[in-house]
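Notes to accompany the following structure.
The values are calculated or read from the model by the stated rules, or taken from the named source; none is laboratory data. None of the values given here were measured: they were computed from a predicted structure. Ideal geometry is used to build each Cβ from the backbone, glycine not excepted, and the neighbour counts take in all protein chains shown. Note: areas computed on protein heavy atoms with side chains; ligands, DNA, RNA excluded. Shrake-Rupley method; radii C 1.70, N 1.55, O 1.52, S 1.80 Å.
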Amino acid sequence: MKIKINQAIELNYEVTGAGPNLILLHGNGEDLHIFDALVSQLNKSFTVYAVDSRDHGKSTQTNESFNYQDLTEDIHQFIQKLQLENVTVLGFSDGGIIALLLGIRQECYLDKLISLSPNLSPKDWKKAPLTKIQERYEETKDPMFYLMLNEPNIDPKELKNIVVPTLVTAGEHDLFYRSMYRTIGKNIPEAELHILEDEDHSSYIIDTDKMADVFSAFIRR
């Protein structure tokens, strides 16, 4: 299914299941199908909307530079156009950043947030993966690599604006420094932080349903 937002952007999405509204947002360079295994479990209890971000999957390919404010506004308009209420936003990596930014904006339709392996700043990258991203950008000039090198730029103090219950997770061997996750946990008033043993940045979310029960329990709480 597709829906037009921001006048010229069409977002591709799939909706399955019944129950409270749950939106799934993928990471940089991915598409909604990274969540297929997870959706097969969550749609037993929730109405699940899995969305392709602009320039990803089957959504509009602008081939232009964009920023996290653009991506966040896209999802905001998506939710408003569908007139969704009491929404949980579950985002991974870039999607996790969008989830935090929606929370900072205190959007009235939000019920809970689940932010998986986000970062607050390019400074949060560990040295080795950051070097690889810099090399890939020099090779390709891809706007997606440019985005990761320059954004997000979230002041930890802004996280205090998030007033809905929030679950934040990261892998023990994530791409970002663990101190950043402790900062997130301390600054979101109703945050629950899980550092997942033996997991990396994506191993606990892409093509797996291993966290389905954790997410379901958090949303239902």
Checklist entry - When the range 20-56 is examined, which residues are found to be in contact with a strand residue (DSSP E or B) (Cβ under 6 Å, 6 or more places away or on another chain) and open to solvent by 40 Å² or more (accessible area, probe 1.4 Å)? => result Asn43
Next on the checklist: Quick check on this structure: which one of Thr62, Thr16 is over 23 Å from Pro129 (Cβ atoms), open to solvent by 40 Å² or more (accessible area, probe 1.4 Å) and among the hydroxyl-bearing types (Ser, Thr, Tyr)?
Outcome noted: Thr16
Item to check | Among (1) open to solvent by less than 50 Å² (accessible area, probe 1.4 Å); (2) under 26 Å from Leu175 (Cβ atoms); (3) in a loop (DSSP other than H, G, I, E, B) - the single one Ile98 does not satisfy | outcome: (3)
Checklist entry - Going through the range 143-160 one residue at a time, which ones are part of a loop (DSSP other than H, G, I, E, B), surrounded by 16 or more Cβ atoms within 10 Å (Cβ to Cβ) and without any contact (Cβ under 8 Å) to a residue 60 or more places away in the chain? => result Ile154
Checklist entry - If you check Tyr137 against the conditions, is it over 16 Å from the mean Cα position of the chain (by Cα) and closer than 25 Å to Gln61 by Cα? => result yes
Item to check | Test: Gln61 is assigned to a loop (DSSP other than H, G, I, E, B), modelled with pLDDT under 95 and not aromatic (Phe, Trp, Tyr) | outcome: yes
Checklist entry - Has the range 109-126 got any residue that is open to solvent by 40 Å² or more (accessible area, probe 1.4 Å), out of contact with any strand residue (DSSP E or B) (no Cβ under 7 Å at 6 or more places or on another chain), of a type in the set (S, T, N, Q) and not in a strand (DSSP E or B)? => result no
Checklist entry - Could you say whether any residue in the range 161-172 is buried (at least 16 other Cβ atoms within 10 Å of the Cβ), out of contact with any strand residue (DSSP E or B) (no Cβ under 6 Å at 6 or more places or on another chain) and in contact (Cβ under 8 Å) with a residue 12 or more places away in the chain? => result yes
Next on the checklist: Where the second residue is of a type in the set (Ser, Thr, Tyr) and the first is at negative phi and lies in the range 117-135, which pairs have Cβ atoms under 7 Å and are six or more apart or on separate chains?
Outcome noted: Pro118/Ser93; Asp124/Tyr177; Lys126/Tyr177
Item to check | Residue list for the range 34-54, restricted to those being within 14 Å of the chain's Cα centre (by Cα) and in a helix (DSSP H, G or I) | outcome: Ile34, Phe35
Next on the checklist: Among the residues of the range 180-205, what is the count of those that are open to solvent by less than 60 Å² (accessible area, probe 1.4 Å), of a type outside the set (Phe, Trp, Tyr) and assigned to a helix (DSSP H, G or I)?
Outcome noted: 5
Checklist outcome for this item: When the range 78-95 is checked residue by residue, the ones that are more than 17 Å from Thr166 (Cβ to Cβ) and part of a loop (DSSP other than H, G, I, E, B) are Leu82, Gln83, Leu84, Glu85
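Residues are listed down the side, and each one gets a yes or a no for (1) under 13 Å from Phe92 (Cα atoms); (2) in contact (Cβ under 8 Å) with a residue 24 or more places away in the chain; (3) of a type outside the set (D, E, K, R):
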| site | (1), (2), (3) |
| --- | --- |
| Asn6 | no, yes, yes |
| Glu10 | no, yes, no |
| Gly27 | yes, yes, yes |
| His33 | yes, yes, yes |
| Val48 | no, yes, yes |
| Val51 | yes, yes, yes |
| Asp55 | no, yes, no |
Checklist entry - Which of the residues belonging to the range 72-95 are closer than 16 Å to Asp31 by Cβ and crowded, with 23+ Cβ neighbours inside 10 Å? => result Ile75, Leu90, Gly91, Phe92, Ser93, Asp94, Gly95
Checklist entry - For the subset of the range 1-13 comprising residues that are in a strand (DSSP E or B) and open to solvent by less than 60 Å² (accessible area, probe 1.4 Å), which member is farthest from Leu110 (Cα to Cα)? => result Ile9
